[in-house]
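Q: I'd like to ask some things about the structure below.
The values are calculated or read from the model by the stated rules, or taken from the named source; none is laboratory data. Owing to the predicted nature of the structure, the values given are computational and were not obtained by experimental measurement. So basically every Cβ, Gly included, is an ideal-geometry build from the backbone, and we count neighbours across all protein chains shown. For the accessible areas, the whole protein counts, side chains as well, though only heavy atoms, and no ligand, DNA or RNA atoms are used. Shrake-Rupley method; radii C 1.70, N 1.55, O 1.52, S 1.80 Å.
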Amino acid sequence: MSYRRHRADKKRRRGVVAVQVLVLLVVLLGCAALSVDVGLMYNAKADLQRAADAAALAAAEALADYGDLDPIELARSRAQEIVEENPVLSKSITLESSDVVVGRAVYDANSNTYTFQPGNFLPDAVRITVRMESGSVNGALPLYFASVFGKHSTGLTASATAMMVPRDIAVVADLSGSHTDDSELPNPDNNLFEVWDALSVLAGRHGVDGVSPPPVRDPFSAPVMPGTGPVGPGGGGADPGVDDVGGQVGPTWGWLYYWGNEINDSYDPATDPGLAYLPKGSSWNGNANLKNWLAAQGYSSSEINALVSSSYDSSKDSWGQYGWTVRTAVALGLARWDSGKSGGLWNSIPADQRKYGDGNNQPESSELTWLVDYPFESGSWNDWIYNYVRSNSTAMYQADSAYRYRFGLKTFMNYLLERQPAHDQTSDLADTPTQPMQAVKDSVQHMTELLTTLGTNDQVSLEIYGTTARHEVDLTTDVEQVSNRLNEMQAGHYDSYTNMGGGIERAIEELNSARARSNARKVILLLTDGNANINQWGNYSTSGGEAYAKYAAQQAVAQGIRIYAVSVGLGADVDTMAEIAGYSGTEPFHASGSISEYSAQLDQIFQELGGARPVALIE
């Protein structure tokens, strides 16, 4: 009897266990089903967020493109493309137009964060929402095992907000003397005429008012030398130095009023009527135009014979001037010779306005009355005559030896650019289009205009370098201060060599100053037309200068500063600039070709850099 009860109990226990196993199996299967659907939702959510993040970054970047397309529409289109390229669980997703919202990123100084404010006026941020919901174009996410419990799908969304990050930009501009090179005579594509044209006529001393030609035989302002071109300023408009209504273009000095032939591939200085050939150690007796002009001023035959003679060309007077320099100044109408000779021109000059020469045949500087003051801060007529036009070691002579001993507006303008380019030497050059300096000025100005138009909240500073490197403009959101200051400056402004390393170090200092912002990306725009040649101790050295520039660039990059390297012209060290750009992982930029070609390229480069703002997710 007890045996039968034991067997029945075992059967009952086995039945209970079977029921329990069945219940647990259902629970386990439910959990497994739930985990599959949860995993599905998790993966779908991750894919949606990845698509939203990528689309927001791409759309924010597109907002900086102010080309032919509406930047808002471009951002929307780009976001839709990116979402389609990022499938969710291998399914292509569509981004609805209404789920791309543009606006402004507003900085909260207290929390050092940004908040998003929707709006279409100069947007710099975009919010993207990617949906898989019932009623959306993508529909809800279908579930597998949850349908057993009546849950057939679920709605998922992901959003991301990206903004164009404000930048602290240090413009590091090369202001070495070589930034006038493309305007000078060695370059056949030079714009020397435009440089002269841009100088104020008030810098000239041709006539009483700086415009009108002086009357013939006025001893205080030499008349035009006959037979050397048009009769004077306004002479029929044939002179390139005279506009079509007979008005003067650039300033003139003495008889240096006529520009002469246009410089082109067939130009020959030896046949240019705008250049007077007055060689040292040679008689000018065969120059009938010169002799007639001297006679027209009232010089006697004895004085003219002395002035065209080379007898005293190598003789120094008591002031250390050679006879050739003195007679050349007279022949150019820059000075009058009060010789003291009987019957000479000096006899017709009021006693209180003349010098008293010794009456011999040697023209001396003590006997000169200068009719034309040298017009600029540094240099002199004697320096131009003897140390420049006579020299065989100038870049002008190296370009064409026929320029030697040829005097005119071309060689005087070239003297200013090659020998007197600095601000304390010829400050008027800041207002002229010397190249490539003018191309750099124009490009920086267009970039700052773009930043102002876009309302970027960028700050910009100006650092410059020649032999020394200097901080010129503090970081400021009033970015036009940078272009305005640069427009006031000139090639070789302070000094002439190329201290690129020092320029980069000034930029590092400013980007780490109290004016720099912790939330802004730090950027250096580095410009040059030449080769770094000043080392870290301030000494001239091509190898040392290059090493210093690279070292300074590496220090900048180590501090999180991105460098964009921009070079212009054939003389630029593009290899070094490419290496410097490579430290930041950026592409180097180079503008080349003719003045017009590289000016256009440089402008495009700076427009691109002005709009190429970094982007970051803020939500």
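Q: Collect the residues in region 69-91 that are touching a residue at least 40 places away in the same chain (Cβ under 8 Å) and buried (at least 16 other Cβ atoms within 10 Å of the Cβ), keeping them in residue-number order.
A: Result: PRO71, ILE72, ALA75, ALA79, VAL83, VAL88.
Q: Checking ASP478 against (1) in contact (Cβ under 8 Å) with a residue 12 or more places away in the chain; (2) in a loop (DSSP other than H, G, I, E, B): exactly one of these is not met. Which one?
A: For ASP478, the failing item is (1).
Q: Conditions first: (1) buried (at least 22 other Cβ atoms within 10 Å of the Cβ); (2) farther than 20 Å from TRP253 by Cβ. GLY340 passes all but one, so which condition is the exception?
A: Just one mismatch for GLY340, condition (1).
Each row is one residue, and each column tells you yes or no for (1) surrounded by fewer than 21 Cβ atoms within 10 Å (Cβ to Cβ); (2) over 19 Å from LEU290 (Cβ atoms); (3) polar (S, T, N, Q); (4) in contact with a Lys or Arg (Cβ under 7 Å, 6 or more places away or on another chain).
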| site | (1), (2), (3), (4) |
| --- | --- |
| ALA335 | no, no, no, no |
| ALA351 | yes, yes, no, no |
| PHE376 | yes, yes, no, no |
| SER391 | yes, yes, yes, no |
| ASP400 | yes, yes, no, no |
| GLY408 | no, no, no, no |
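Q: Select from region 92-115 the residues that are under 24 Å from GLU133 (Cα atoms) and either in contact (Cβ under 8 Å) with a residue 60 or more places away in the chain or among the acidic types (Asp, Glu) (or both) and write down the one among them that is surrounded by the fewest Cβ atoms within 10 Å (Cβ to Cβ).
A: Restricting to residues being under 24 Å from GLU133 (Cα atoms) and either in contact (Cβ under 8 Å) with a residue 60 or more places away in the chain or among the acidic types (Asp, Glu) (or both), the top hit is GLU96.
Q: Could you tell me how many of the residues in region 492-520 are in a loop (DSSP other than H, G, I, E, B) and free of Cβ contacts under 8 Å to residues at least 40 places away in the same chain?
A: Residues in region 492-520 being in a loop (DSSP other than H, G, I, E, B) and free of Cβ contacts under 8 Å to residues at least 40 places away in the same chain: 2 in total.
Q: Also, quick follow-up: Could you please find all residues in region 268-291 being farther than 14 Å from THR411 by Cα and within 40 Å of the chain's Cα centre (by Cα)?
A: Within region 268-291, THR271 is the sole residue that qualifies.
Q: Name every residue in region 493-515 that is open to solvent by 30 Å² or more (accessible area, probe 1.4 Å), under 21 Å from SER178 (Cα atoms) and of a type in the set (S, T, N, Q), in order of residue number.
A: Residue satisfying the conditions is SER496 alone.
Q: Select from region 310-338 the residues that are of a type outside the set (Phe, Trp, Tyr), over 47 Å from the mean Cα position of the chain (by Cα) and within 24 Å of GLN353 (Cβ to Cβ) and list them in ascending order.
A: Correct list: ASP317, SER318, ASP338.
Q: Counting residues that are crowded, with 17+ Cβ neighbours inside 10 Å and basic (Lys, Arg), which helices (runs of 4 or more DSSP H) fully inside region 521-619 reach at least 3?
A: By residue number, no helices (runs of 4 or more DSSP H) qualify.
Q: So, one more: Take the conditions part of a loop (DSSP other than H, G, I, E, B), open to solvent by 10 Å² or more (accessible area, probe 1.4 Å) and touching a residue at least 40 places away in the same chain (Cβ under 8 Å) and apply them to GLY281. Does it pass? First the steps, then the outcome.
A: Details: part of a loop (DSSP other than H, G, I, E, B): yes; open to solvent by 10 Å² or more (accessible area, probe 1.4 Å): yes; touching a residue at least 40 places away in the same chain (Cβ under 8 Å): yes.
Spelling it out, GLY281 is indeed part of a loop (DSSP other than H, G, I, E, B), open to solvent by 10 Å² or more (accessible area, probe 1.4 Å) and touching a residue at least 40 places away in the same chain (Cβ under 8 Å).
Q: Which ones in region 417-451 are within 18 Å of the chain's Cα centre (by Cα), surrounded by fewer than 19 Cβ atoms within 10 Å (Cβ to Cβ) and among the small types (Gly, Ala, Ser)?
A: Listed by number, the list holds a single entry, ALA430.
Q: Follow-up question, since we're still on this one. Looking at region 293-320 only, could you name the residues that are more than 22 Å from ARG390 (Cα to Cα), aliphatic (A, V, I, L, M) and at pLDDT 95 or above?
A: The answer is ILE304, and nothing else.
Q: Answer yes if at least one residue in region 459-469 is more than 23 Å from PRO166 (Cα to Cα), outside any helix (DSSP H, G or I) and among the charged types (D, E, K, R), and no otherwise.
A: no
Q: I'm trying to understand the selection: among the residues of region 391-405, which are part of a helix (DSSP H, G or I) and either modelled with pLDDT of 95 or more or within 21 Å of PRO273 (Cα to Cα) (or both)?
A: Residues satisfying the conditions are MET396, TYR397, ALA399, SER401, ALA402, TYR403.
Q: Return the pairs, sorted by first residue and then second, in which the second residue is open to solvent by less than 30 Å² (accessible area, probe 1.4 Å) and of a type in the set (D, E, K, R), the first residue lies in region 416-434 and is under 13 Å from SER183 (Cβ atoms), the beta carbons are less than 8 Å apart, and the residues are 6+ apart or on different chains.
A: Note: pairs meeting the criteria are LEU417/GLU184; GLU418/GLU184.
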